[in-house]
Amino acid sequence: MALRTQVGIVGAGPAGLVLAHLLDQAGIESVILEARAREYVEERVRAGVLEQGTADLLDAMGLGERMHSEGIVHHGIYLRFRRESHRIPLSDLTGGRAIWIYGQQEVVKDLIEARLAAGQQLLFEVSDVSVSGFDGDSPRIRFSRNGESEEIECDVIAGCDGFHGVCRPAIESALTVYNHEYPFGWLGILARVPPSTDELVYTNHERGFALHSLRSPELSRLYIQCDPHDDIANWSDDRIWDEMHARFATNDGWELNEGPVLEKGITPMRSFIVQPMQRGRLYLAGDAAHIVPPTGAKGLNLAVHDVKLLAAALTRWYESGDSSLLEAYSDACLRRVWRVQHFSWWMTSMLHRLGDADDFENQLQLAQLDYVTSSRAAATTLAENYVGLEDV
Ligand SMILES: Cc1cc2nc3c(=O)[nH]c(=O)nc-3n(C[C@H](O)[C@H](O)[C@H](O)COP(=O)(O)OP(=O)(O)OC[C@H]3O[C@@H](n4cnc5c(N)ncnc54)[C@H](O)[C@@H]3O)c2cc1C
């Protein structure tokens, strides 16, 4: 027998979970299907920087309690080059806006707990998910659970299933794809050690980019630029720390704290966008539709922004039959997606050793960094994009 719901959501990442909450608040029923187990989804370490607008949305949804008690507000970031740190005072430059340091897995835990506590449907460990019927008015999602085939009939499908999901491939032939692969990746570690900095440090160094981020007063998250095809097995913990020490070194003797590495991995970097983000009654949101290099800390924030627009469009449609916001969904999202894509590319280009760059290009990067850290206008450009533009 088929399950029936209003919105069938594929994927329980930030996009799918936030969408389900917003719909629930508007009295719209949904079912979320997730391929992985709950524990896996809740432990997956990824992003950790929330834009002001994302934090405000979590508050407005009544889900900000733990973020307020365990998250950390940052009012600035450091850009480090020529072995010196320069602070960009984000809040001073943006009328008091800031960023929140709160791990994506913590956001996901809060969202899952609230969803299940409210008795709403969220099915983990489903497989063989496929979508159909979205060109007409009776979309369906087929899947397997516990060895049984099942089906959901719905009015609308939300493809929130990330970059490797099934929803985008189902409509890919009708999409324009923009793909840019960078000739480097990020080797990231999560380490049980108090952060060596009070705010994030973005470093341009002749050995390559490095970023000191954090997750809590006890947990540091650090990244170094690396070959995207390298094998993590080639990187012992000692080798990683040696490389970090070399890249973060300053003239004033700043010390990098070392501690046990809890997790490490290599992620390639790409910019990817499909246009449009919808076909018929199938709407893509988050990483299913676009990937940004993580230098601008935008992936999660962009996913949340998409579903905020999708929830508003669906609410209007259910309340009044007016489909104008749904028809405009893709264009409305893509305006911000391209702005963020440009910002992430710009940050990436300014801070990384570019594959075949000669010294001319390295000097241009330093000239750009000098400008961003000495001109209020240039610093404001970085700051307002980093905390998240309000009206794009
Ligand atoms: C390895 C990695 C590291 C990252 N690190 C950072 C970082 O350090 N900083 C940063 O800013 N951003 C980072 N990002 C980006 C950020 O985490 C993403 O932009 C964000 O997770 C997007 O949320 P989403 O809900 O769109 O997609 P996802 O979080 O990917 O969620 C999609 C969900 O769909 C599920 N799914 C997939 N296929 C199916 C299917 N067929 N059926 C059912 N469910 C399915 C997946 O299991 C997943 O739970 C990282 C991303 C990745 C992949």
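Taking the criterion of being within 16 Å of the ligand (Cβ to nearest atom), open to solvent by 10 Å² or more (accessible area, probe 1.4 Å) and not β-branched (Val, Ile, Thr), would at least one residue in the range 306-321 satisfy it?
So far as the range 306-321 goes, yes, one or more of its residues are within 16 Å of the ligand (Cβ to nearest atom), open to solvent by 10 Å² or more (accessible area, probe 1.4 Å) and not β-branched (Val, Ile, Thr).
Considering (1) within 14 Å of the ligand (Cβ to nearest atom); (2) closer than 30 Å to residue 235 by Cα; (3) surrounded by 13 or more Cβ atoms within 10 Å (Cβ to Cβ), say which one residue 166 fails and leave the rest.
Condition (2) is where residue 166 drops out.
Among the residues of the range 224-235, count how many are part of a loop (DSSP other than H, G, I, E, B), open to solvent by less than 60 Å² (accessible area, probe 1.4 Å) and not charged (D, E, K, R).
So the count comes out to 2.
Looking only at the range 118-135, how many residues end up being over 16 Å from residue 16 (Cβ atoms), open to solvent by less than 70 Å² (accessible area, probe 1.4 Å) and at pLDDT 95 or above?
Result for the range 118-135: 5.
Step by step: first the residues of the range 288-301, then only those that are near the ligand (Cβ under 7 Å from one of its atoms) and part of a helix (DSSP H, G or I), then the one that is nearest to residue 185 (Cα to Cα). Which residue is that?
The selected residue is 294.
Is there any pair with a first residue in the range 12-36 that is in contact (Cβ under 8 Å) with a residue 24 or more places away in the chain and under 20 Å from residue 163 (Cα atoms) and a second that is surrounded by fewer than 24 Cβ atoms within 10 Å (Cβ to Cβ) and among the aromatic types (Phe, Trp, Tyr) whose Cβ atoms are under 6 Å apart and which are 6 or more apart or on different chains, and what are they?
Within 6 Å, the pairs are 33/143; 34/124.
Of these, 113, 43, which one is open to solvent by 60 Å² or more (accessible area, probe 1.4 Å), modelled with pLDDT under 95 and farther than 29 Å from residue 250 by Cβ?
Exactly one residue qualifies, and that residue is 43.
At least 3 residues that are within 12 Å of the ligand (Cβ to nearest atom) and under 30 Å from residue 155 (Cβ atoms) in each: list the helices (runs of 4 or more DSSP H) lying fully within the range 12-82 that qualify.
By residue number, 14-25, 38-43.
How many residues, within the range 137-158, are open to solvent by less than 40 Å² (accessible area, probe 1.4 Å), touching a residue at least 60 places away in the same chain (Cβ under 8 Å) and not aromatic (Phe, Trp, Tyr)?
Looking only at that region, the number is 9.
Which of the numbered conditions does residue 4 fail, given that it passes all the others? Conditions: (1) among the basic types (Lys, Arg); (2) under 25 Å from residue 262 (Cα atoms); (3) away from the ligand (no atom under 16 Å from the Cβ).
In the conditions (1) among the basic types (Lys, Arg); (2) under 25 Å from residue 262 (Cα atoms); (3) away from the ligand (no atom under 16 Å from the Cβ), residue 4 misses (2) alone.
Tell me, yes or no, whether the range 354-375 has at least one residue that is touching an Asp or Glu at 6+ places or on another chain (Cβ under 7 Å) and not in a helix (DSSP H, G or I).
The answer is yes; a qualifying residue exists.
The values are calculated or read from the model by the stated rules, or taken from the named source; none is laboratory data. The model shown is predicted, which means the values in this text are computed figures rather than measured ones. Quick reminder, even Gly has a Cβ in these numbers, built from the backbone with ideal geometry, and neighbours come from all protein chains shown. Ligands, DNA and RNA are excluded from the accessible area calculation, which covers all protein heavy atoms including side chains. Shrake-Rupley method; radii C 1.70, N 1.55, O 1.52, S 1.80 Å.
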